[in-house]
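Each reported figure results from applying straightforward, stated rules to the coordinates on display, with no laboratory input. Only a predicted model underlies this, so the values are computations on that prediction, with no experimental measurement involved. All Cβ positions, glycine included, derive from the backbone under ideal geometry; neighbour counts span all protein chains shown.
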Amino acid sequence: PYSSYYFGPPPPDAAYGTPPVGQIGLHHPREIVRIERDYSAGELPQFSPVYPLEFEGRLTPTQFLESINAMNELLISAHSLKQSFMDNALSFFTLQASRLVFTSHYEKVRPLLYHSVLRRR
């Protein structure tokens, strides 16, 4: 599988239009679909809610939008200024020794982001 930017309809040799095979989380994907970043809100990290044609017949637009919204909420939480300030202040005052005992909020949320799509299916 490879990842590329979306520039129109999928190529004829793509998995688009073929029935789904395998089990999510168990088998490797036949193709990787790249979801663009959305910078319409400035530097706020989020994914674009534009529905890719490759998901037609595999994922409804509503399921896709719910998944993207869940991932965007996790990204916003991971980049929270309040949490970042608290994590950095604790690191500063303990001379980075707190990193041996505590994980940052970003590091706690990051694994949730990667697995959120698998749970939504």
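Check every one of the helices (runs of 4 or more DSSP H) wholly within segment 30-121 and list those with 2 or more residues that are of a type outside the set (Phe, Trp, Tyr) and closer than 30 Å to residue 13 by Cβ.
61-78, 105-120
Please go through segment 46-62 and give me each residue that is under 14 Å from the mean Cα position of the chain (by Cα) and of a type in the set (S, T, N, Q), ordered by number.
Once the filter is applied, which keeps residues that are under 14 Å from the mean Cα position of the chain (by Cα) and of a type in the set (S, T, N, Q), segment 46-62 yields 46, 48.
Looking at segment 51-60, can you tell me whether even one residue there is polar (S, T, N, Q) and surrounded by 15 or more Cβ atoms within 10 Å (Cβ to Cβ)?
no
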